[in-house]
1. Restrict the check to the stretch B:110-118 and report whether at least one residue is buried (at least 21 other Cβ atoms within 10 Å of the Cβ) and within 14 Å of another protein chain (Cβ to nearest Cβ).
2. If only one of B:Gly163, B:Gly179, B:Gly154, B:Gly138 is within 13 Å of chain A (Cβ to nearest Cβ), among the small types (Gly, Ala, Ser) and either over 21 Å from B:Lys275 (Cα atoms) or surrounded by fewer than 24 Cβ atoms within 10 Å (Cβ to Cβ) (or both), which one is it?
3. Is it true that some residue in the stretch B:101-116 is within 20 Å of A:Asn117 (Cβ to Cβ) and basic (Lys, Arg)?
4. Within the stretch A:177-190, can one find any residue that is at pLDDT 95 or above, assigned to a strand (DSSP E or B), touching a Ser or Thr at 6+ places or on another chain (Cβ under 7 Å) and within 23 Å of A:Glu129 (Cβ to Cβ)?
5. Between residues in the stretch A:52-80 that are over 24 Å from B:Asp250 (Cα atoms) and residues that are of a type outside the set (Ser, Thr, Tyr) and part of a helix (DSSP H, G or I), which pairs lie under 6 Å by C-beta distance while being six or more apart or on different chains?
6. Looking at (1) within 13 Å of chain A (Cβ to nearest Cβ); (2) at pLDDT 90 or above; (3) surrounded by fewer than 17 Cβ atoms within 10 Å (Cβ to Cβ), can you tell me which one B:Ile290 breaks?
7. Would you check if A:Leu45 is surrounded by fewer than 17 Cβ atoms within 10 Å (Cβ to Cβ), within 22 Å of B:Arg105 (Cβ to Cβ) and more than 14 Å from chain B (Cβ to nearest Cβ)?
8. Scan the stretch B:265-287 residue by residue and report those that are more than 10 Å from chain A (Cβ to nearest Cβ) and among the aliphatic types (A, V, I, L, M).
Amino acid sequence: MTLAEINPLAKLSDGSFVALDAHMEMEDEAVGRHKKVLTELGVDLSEPREMYEPSDFERNVKAIDAADHRGVIQGKDHGFTGNIGLVIGAGGGSLTLTDAVRNQGGKPANYAEIGGNPSVSKSCGLAKEILQKDGVEKIAVMMSIVSNTRVDIVARGVIKACLELGKDPGETIAIFRIPGAWEDEGYKILDKYGVEYADRSVSMWDAAGTAVAKIQGGGA
Amino acid sequence: MSILLNEDFTFIVQGITGREAVNLTRECLDFGSSIVGGVTPGRKGREVHGVPVFDTVEQAVEHHGKPIDGAVATVPPAFTKDAVFEAIENGIKLIVVVTERIPRRDVAEMVELADERGARIIGPNCLGLIAPGVAKMGGIGGPAKDAAKAYVAGSVGVMSRSGGMTTEISSTLTAAGLGVSTAVSIGGDAIIGSTYADLMPLFEEDPQTEAIVIYTEPGGRMEAELVEWREEAGSTMPIVAFMAGRFMDDESMKGMTFGHAGTIVEGKEDSATEKIKRLESAGITVVERIDEIPDAVKERIGA
Amino acid sequence: MNTETLNSVFIDIELDEPTTPDPELAKKLEEVCTVGIFKATEDGTEIVRGQLDECVLCYLCEQAAPEGTLRIIKKYEN
C-alpha cells in the first residue's frame, strides 16, 4: 500500500469518528499479499485497474506476452496516433528511442518494450500486431545494446511477422538496429532477407532518424 | 581505481541455482570476479561452474573462513527481503538486488536495515555494477567478451536507472576513447538502495574518475536530491545527464507508466522538463542525444 | 486480417531414418531441447514443426544423437 487517504472524516455526537470516503493506492507488486482484504472490499482481482480502458492492440499484445514465459513484450498505443510502427526495447532503450523518433519529426504509432530474451513467436506476435494497426505500413526494430535478449532471435521474429502477413521484410522493416548478443548470427539472417541494419557504431538517434526518413520522408 | 569493487573483492550469489543466476555466475567468473560461494536452501554440496553451493549465507562465510564483501541477490520477489536480511546479518556490506517486482514495503525495510548496519544496497531491479579490468558484479554487460567490448577502463563514472542504457552509454564513452571507471546500474524502481547522491561521494574520492554521466527518467526525486547534494557538498565534479522519456510530459500520457516501475509522472516536479531545468540550474550539462555525451564530457573536463 | 503461421522458415532439423524409431533417443532429445522441438512418441522421435524456428542453436540435440545422424540446418545460410 503506497497511499491511504481519508477525506472527509465525520465526528459523530457520541465522539466517535466515521470515514465518509477513502482513497487507497496499492502497487501491483503488493496485491498478492493483500488478496483477503481486497476481496473483502469488493475489488475484482481479475480486472487490473488501469488509468484508462486498454485498446484492442494493448489487450492483444498482453495476451501474446502471457502465452509463453520466455521474455517479456509490452505494447501501448494510448495517445499514439502516428504511422511509424515501433518494435523497440528494453525499458530505458524504449524511452530513448521514442524521444529520438519524435524529436526528429517522427510520429510513432505505438510504444513497445521487448526484454528478457523473448521467444521468436513473441517478437513475431508483437510485430504482427503493430503491422496490423491502421496506417502502419513499416516498422523500425531498434534497441540499446543487448546482453540477454538475442539479436538473431528478434531478427527471426520480426522477419517472420512480415512473411506471415505476406509482406517483404526488406521493404517493411525500415531499419534494424539491435547490437549485442548473437549479432553476427542476426546479421546473416537480415542479409538474407535484404533488411537494412545498423551496428553499435550507429547511434540510437541516427537509427531513429533513418526510420523517420524512410517511413515519413515521402518515399525518400 | 574504481568505486565499490577492487581486485580482492569477494562475493556470493544468492539463488545461484536459478537459470539467470547460473548465467550471471559464468559471466562474472569469466570477467575476473571472485565468487566464493552460492546459496540456495536445500542445495548444499552442489557446484555451479565450480562455485560451492550452501544452504545458508552463514555456511558460505564459514567455508570462506573470513568475511565476504558482497552478495548478488537473484531470488524470487517474495523471498528477496529475507535473503537480503540474511546477507546483512552475516556481515556482508554490499548487496546487489537484481530481482524486480518486490513489494515496496519490503524494499523500504531492506534499505532501512542496510542503513542501520552500515551496509549498502544497489538496486533492486538492476543489473549490478562493473569496474572494467577489475570485476563485475551482476549481469551488467552480459557475457565477459561482450562486456569487454563496451567497457574499457577510463575516466568516466556512469550511474543509470536503466540497466541496458548503462551499457549503451558506456559503449559510446569507450568508442570515444574516454572509457569508464565504474558503471553502476542503480535500478528502475521507485525506492532504491543507492541513489545518484548516495554514490557521488565515492566517485568524488576515486582518483580515476574525472567526470560523471547519469542516465535519468521522469518520476521520483532522485535528480532533485543529486542537485541538493551537489550544492551542499560544494562539488564541482563535471556531470553530464541524459534524460529519456521526454515524450511522457505530453498531456495525453499523464499517469501512464513507461519503462520502469519508478517511471511515472505524478506531479509537475517529477516531469522531464522540470528535472532538466533543475539539473541545468546546478551546472549539470543535459544532452538530448546519447551520441552527444562524449563531446559534452570532453568539453567539461577540458580534454 | 492475415493470421497465417509459417513453420521452419529459419531452422530445419534432419534426423536419419534408422535412428528415428529409437525410443531411448526420442526421450533423450525431448529432455535436452529447451524449446520443445522433439516429442517422444510410440513410434520414436517426432519433430514438432511449429517449434523449429524457436531453436536457440545450443546443439545439445546434435550431441545427444549418435554422431552424424542429426543435423541442424540454418536455412538462412546459402
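1. So far as the stretch B:110-118 goes, yes, one or more of its residues are buried (at least 21 other Cβ atoms within 10 Å of the Cβ) and within 14 Å of another protein chain (Cβ to nearest Cβ).
2. It is B:Gly138.
3. Within the stretch B:101-116 (the criterion being within 20 Å of A:Asn117 (Cβ to Cβ) and basic (Lys, Arg)), the answer is yes, since at least one residue qualifies.
4. Scanning the stretch A:177-190 turns up no residue that is at pLDDT 95 or above, assigned to a strand (DSSP E or B), touching a Ser or Thr at 6+ places or on another chain (Cβ under 7 Å) and within 23 Å of A:Glu129 (Cβ to Cβ).
5. Here the result reads A:Asn60/A:Glu129; A:Ile64/A:Gly125; A:Gly71/A:Lys122, each pair linking the stretch A:52-80 to a residue that is of a type outside the set (Ser, Thr, Tyr) and part of a helix (DSSP H, G or I).
6. Only one criterion is unmet by B:Ile290, namely (3).
7. Considered against the rule, which asks whether it is surrounded by fewer than 17 Cβ atoms within 10 Å (Cβ to Cβ), within 22 Å of B:Arg105 (Cβ to Cβ) and more than 14 Å from chain B (Cβ to nearest Cβ), A:Leu45 comes out as yes.
8. B:Val265, B:Ile276, B:Leu279, B:Ala282, B:Ile284, B:Val286, B:Val287
The values are calculated or read from the model by the stated rules, or taken from the named source; none is laboratory data. The structure displayed is predicted, hence computed values, not measured ones. With ideal geometry, Cβ positions are generated from the backbone for all residues, glycine too; neighbour counts draw on all protein chains shown.
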